[in-house]
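Okay, so here's the structure we're looking at.
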Amino acid sequence: MTLLAAASIATGVMMLVAAVAALVVKKLISAIIIVGFVSLSASILFLLMDAPDVAITEASIGAAISTVIFLWGKGKIGGEE
Amino acid sequence: MIRTIVGLIIVLALSVVVISSVPDYSLPSGLQGVGQDYTERGVNDTGSVNLVTAVVVAYRGLDTLGEVVVLFSASTAVVLVLTLVPMGANPTPSSSIVAFTSGVLPGSIVLFGIYIITHGHLSPGGGFPGGAVVASAFLLVMLGSNKIPGKSKLLASIESLAGVTFGLLGFWGMMMFGQFLNNMVLPAGSPGKLFSAGIIPLISLVIGAKVASELSGVFSSYRKAGGDE
Amino acid sequence: MSFTSIMAHGLTGLGALVLFASGLGVFRMPDVFNKMHAGTKATTLGSILFLTGIGFFEPSWIPKLLLIVLFIVLTNPVSSHALARAAHNEPSEKPDNLIIDDLENSKGGER
Amino acid sequence: MNAQSLFYWSLAVTALGLVLIGLWGVLTRKNILRIALAFTLADTGVNLILVWSGFLPGRSAPIVDSSVSSMVDPLPQALVLTSIVIGVAVAALFVVVGVLAARKSGSADVRRMKELKW
């Protein structure tokens, strides 16, 4: 259980730092990739919470497909903020 | 700057409210109510080993039908908006290595997706993740090929057929037992086998086809509107 | 300590080390193509070493692990190829010390 | 605080933090795609909270086996399964409408999108 606590705290801190970074980083494309990373870490947390179904769904949909959707939007708008 | 600070203040106030609304910091001791009920009688009721799939497809199957309708309307809105406002497509051609690999790989990816869909009542998985995996194979085909997809009647017909089949499977239970989506129209079989759990594998297949065709429709309309620049 | 145990721990450790080196390379290298060199070649080697080590831990998983290795060998070079093409199409990512650019010279032929 | 409750509450803090960060991003960012990204972050956080509400440390996943005696609540997991798919559909619609608005007003900045103000 100590190992689980360490893993969840490490993943959680990483996710929170990445979430703030996704909102303040300059380049939009970096922000999109960082949000994909947050989704992937969330699927690790789902696995720690004994929810393998949700973890597999989050990994395939949240991390892959929504990243593609945002990349399309960035390609259509272009430029940075 | 002032906007950032005001936003920070709002968020901090909200966090204080949420934290103070948690009454006591102790671990819950056990399940109550409907969750306890599902874990106790889920396998006997439905014959599905994976209880999450049992809840999604059998106990809350009507909610899943509503969810599929939400997904359908969202994807229809995307396709409609992108059809009404053409943006001009200029895809960059892909090199021959990428084109070859994107022709080889999708077969195994689709096979994996179908495995996830059909084993949803035995292991983690089911219609939603399997459909997403199949849609990602479709995405790979589209990104690799140099053609812009034309009007595909096939996607729309798969989508409509899956929706109609979902409804018909539900009405089958209504005619036999007077209950929408009753699971007992097919024998429950022995839990843990591939052909078991009543109509749960069929409904999983329908949900997988629906999710895959709708996400593929979204990708295909994105591709038609351009965007690889 | 048996032979399989030593092999398992050694190979997974070596794979983790190679993956760490690849991550370090992505941070430390100066431009896109150097970063890509660290980020794609080393991850292929690192993942394959790691999966081989897991095969020593659990011999019954070897068919699945072989499938994963096959998939990595098929996809990783192709994705790095596509990434390199995309980076080459972006003029702002061109490194300063680029002297010979065969891809640019061969344009007009098969891209 | 022992390790088990530390594990349990750290998950809640992560989920709540994601929701709050996403909300802050929606309130303060200017680029329309950045707002969509913040919305996705908050969505992930809400899904984490929902799964966490049915989670009990020390139990096993809701897949019945002969060796399993007690398991976590399957109901929130089933709800979140549908919520993730709806989330990506809503994000797709958000991005498309945002792209259209940005092309209409000539910039991705939400302060320039006068059609949305009243």
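What follows draws every value from the coordinates through simple rules; no lab data is involved. Being a predicted model, the structure only gives us computed values, none of them experimental. Every residue, glycine among them, receives a Cβ derived from its backbone with ideal geometry; neighbour counts consider all protein chains shown.
Would you kindly state the longest site-free stretch of chain B, with sites defined as trypsin sites (Lys or Arg not before Pro) in a DSSP loop (not H, G, I, E, B) surrounded by at most 10 other Cβ atoms within 10 Å? Don't skip to the end; give the middle numbers.
On the way: sites that count: B:Lys147, B:Lys151.
Result for the longest clean stretch: B:1-146.
With a ≥ b ≥ c the root eigenvalues of the C-alpha gyration tensor of region A:2-77, is it rounded (a/c under 1.5), prolate (a/b larger than b/c) or oblate?
Details: a/c = 5.03, a/b = 1.55, b/c = 3.25.
Oblate, since a/c reaches 1.5 and b/c is not below a/b.
Would the protein assembly as shown count as rounded, prolate or oblate if I go by the C-alpha gyration tensor, calling it rounded below 1.5 in a/c and otherwise prolate when a/b exceeds b/c, oblate otherwise? Intermediate results must be reported in sequence, preceding the final value.
Values: a/c = 1.29, a/b = 1.24, b/c = 1.04.
In terms of gyration-tensor shape, rounded.
If you take each beta carbon of peptide B:109-120 and count the beta carbons of other chains within 10 angstrom, what is the mean? Present the calculation step by step, with values, prior to reporting the outcome.
On the way: counts 1, 0, 0, 2, 1, 0, 0, 3, 0, 0, 0, 1.
Taking the mean over all residues of the peptide, I get 1.
To the nearest 20 Debye, how big is the dipole of chain B about its Cα centre, given +1 on the beta carbon of each Lys and Arg and -1 on that of each Asp and Glu? Before the final figure, lay out the partial values.
Numbers: 10 positive and 10 negative charges, 125 e Å.
Dipole size: approximately 600 debye.
Rounded to the nearest 10 degrees, what's the angle between the helix D:32-53 long axis and the longest principal axis of chain D, both from Cα atoms, 0 to 90?
Roughly 20 degrees, rounded to the nearest 10.
Would you mind giving the mean number of other chain beta-carbons within 10 Å of the Cβ of each residue in A:10-16, as a whole number? Spell out each step's value before the answer.
On the way: counts 1, 3, 9, 4, 1, 9, 6.
Mean partner shielding for this stretch: 5.
Given H placed 1.01 Å from N in the peptide plane, which residues other than close sequence neighbours of D:Met71 have an amide H under 5 Å from its amide H?
Here D:Ser60 satisfy the definition.
Within the set A:Lys26/A:Lys74; A:Lys76/D:Lys104; A:Lys27/D:Lys104; D:Lys30/D:Lys114, which residue pairs have Cα atoms separated by over 18 Å?
Working: A:Lys26/A:Lys74 14 Å; A:Lys76/D:Lys104 12 Å; A:Lys27/D:Lys104 23 Å; D:Lys30/D:Lys114 14 Å.
Violating the 18 Å Cα-Cα cut-off are A:Lys27/D:Lys104.
Only Cα pairs under 8 Å and at least 6 apart count here; give the relative contact order of chain C as a rounded whole percent.
Values: 88 pairs, mean separation 31.1, N = 111.
Worked out over chain C, it gives 28 percent.
Cβ under 13 Å from B:Val211's Cβ, B:Val211 left aside: what net charge do those residues give with Lys, Arg +1 and Asp, Glu -1? Let's see the in-between values first.
Details: positive: B:Lys210; negative: B:Glu67, B:Glu159, B:Glu214.
Spelling it out: positives minus negatives among the neighbours equals -2.
Please give, to one decimal in nm, the separation of the simple spin-label points placed at C:His9 and A:Val24, each 7 Å out from Cα toward the Cβ.
In this crude label model, C:His9 to A:Val24 measures out at 4.2 nm.
Treating only the Cβ atoms of Lys and Arg (+1) and Asp and Glu (-1) as charged, compute the dipole magnitude of the protein assembly as shown about its Cα centre; round to the nearest 20 debye.
Numbers: 32 positive and 29 negative charges, 279 e Å.
Approximately 1340 debye in magnitude.
Which one, B:Phe138, D:Phe7, C:Thr12, is farthest towards the positive end of the dipole of the protein assembly as shown when Lys and Arg carry +1 and Asp and Glu -1 on their Cβ?
B:Phe138
Considering every residue in D:104-110, what mean count of other chain Cβ atoms within 10 Å of its Cβ is obtained?
Mean partner shielding for this stretch: 2.
Among D:Leu20, D:Pro76, D:Ala36, whose Cα lies farthest out toward the positive end of the dipole of chain D, if unit charges sit on the beta carbon of Lys, Arg (+1) and Asp, Glu (-1)?
D:Ala36
Looking at region C:29-110, which GluC sites (Glu not before Pro) are in a loop (DSSP not H, G, I, E or B) and have at most 14 other Cβ atoms within 10 Å?
Numbers: sites: C:Glu93, C:Glu104, C:Glu110; in loops: C:Glu110.
The qualifying sites are C:Glu110.
Pick from C:Phe71, C:Phe33, C:Phe56: which is most flexible by mean-square fluctuation in a GNM of chain C where alpha carbon atoms under 10 Å apart are linked?
With Cα springs under 10 Å in chain C, the top fluctuation among C:Phe71, C:Phe33, C:Phe56 is at C:Phe71.
Positive end of the charge dipole of chain B (Lys, Arg +1 and Asp, Glu -1 on Cβ, about the Cα centre): tell me which of B:Phe177, B:Leu80, B:Val52 has its Cα farthest that way.
Final value for the positive-end residue is B:Leu80.
Given charges of +1 on the Cβ of Lys and Arg and -1 on the Cβ of Asp and Glu, with all other atoms neutral, how large is the dipole of chain C about its Cα centre, in debye to the nearest 20? Show your work: numbers first, answer last.
Details: 8 positive and 9 negative charges, 58 e Å.
Roughly 280 debye for chain C.
Amide H neighbours of B:Ala197 under 5 Å, counting only residues 5+ apart in sequence or on other chains, H built in-plane at 1.01 Å?
B:Gly189
Let me have the relative contact order for chain B, percent, based on Cα pairs under 8 Å that are six or more residues apart. Present the calculation step by step, with values, prior to reporting the outcome.
Values: 285 pairs, mean separation 66.0, N = 229.
Reported relative contact order: 29 percent.
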